[in-house]
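Okay, structure first, notes after.
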Amino acid sequence: AEPPSAICEEKAKKMLEQRKEVMLKSLEAADEKFEKLKTKLEAARARRTKKGEMEEEEKEETECNGEDGFYTVEDVLAIRVDKRGGEKYQVQWKGYEDTTFEPLSSFASDGAKDVLVTKREKIRERQVRADFDCIK
């Protein structure tokens, strides 16, 4: 039979190994949380930078390539999703009373598309708030 001190030493080693495993798992979980927070922070910084860039681009006129040439977008009023899940933007054209629904592919430049994507987020927020106000 083993002496009592050897048994105690063996139990102590097992306890240390168990604690080590628990601490490593906690450290891994903390690392994961840190990485998620770091990613969120970087995304927020990128959005803030992108928002500043978008505001500058919004000052430029947004154009759409139509059958008769280019038309200037005055405002994007709403977004609707078609049966296939594609988004169409309700556009108020500069100098025209009527609005039309246009897919993103109708817009001429990448800058115009970026402006529409930014406006899409603002419109969605406004639509969600309106839906929420109806529920109250």
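The values are calculated or read from the model by the stated rules, or taken from the named source; none is laboratory data. Bear in mind that the values here come from a model prediction, so they are computed numbers and not experimental data. A quick note on method: Cβ atoms are made from the backbone with ideal geometry, for glycine too, and the neighbour counts reach across all protein chains shown. The protein model used for the area step is the full one, side chains on, heavy atoms only, and it has no ligands, DNA or RNA in it. Shrake-Rupley method; radii C 1.70, N 1.55, O 1.52, S 1.80 Å.
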Legend entry - Under 12 Å, Cβ to Cβ, from Asp31 - net charge with Lys/Arg +1 and Asp/Glu -1: +1
Inset, instruction - Starting from the residue with the highest accessible area, list Ser106, Ser5 in decreasing order, probe 1.4 Å. - result: Ser5, Ser106
Inset, instruction - Sketch the reach of a paramagnetic label on Lys38 as a point 7 Å from Cα along Cα-to-Cβ, and name the residues of the stretch 5-29 whose backbone nitrogen lies under 16 Å away. - result: 27-29
Inset, instruction - Tell me which residues come under 5 Å, amide H to amide H, from Ile79 once H is placed; ignore anything under 5 positions away on its chain. - result: Gln90
Legend entry - Over 30 Å (Cα to Cα) - which of Lys38/Lys122; Lys33/Lys88; Lys40/Lys122 fall in this group: Lys33/Lys88
Inset, instruction - Go through the stretch 82-89 residue by residue and turn each phi into a ³J(HN,Hα) via Karplus (6.51, -1.76, 1.60, θ = phi - 60°); whole Hz please, and just put x for glycine and proline. - result: 7, 4, 8, x, x, 8, 10, 9
Inset, instruction - Quick one: which residues, 5+ away or cross-chain, put their amide H under 5 Å from the amide H of Val73? H built at 1.01 Å from N. - result: Thr62, Glu63, Cys64, Lys94
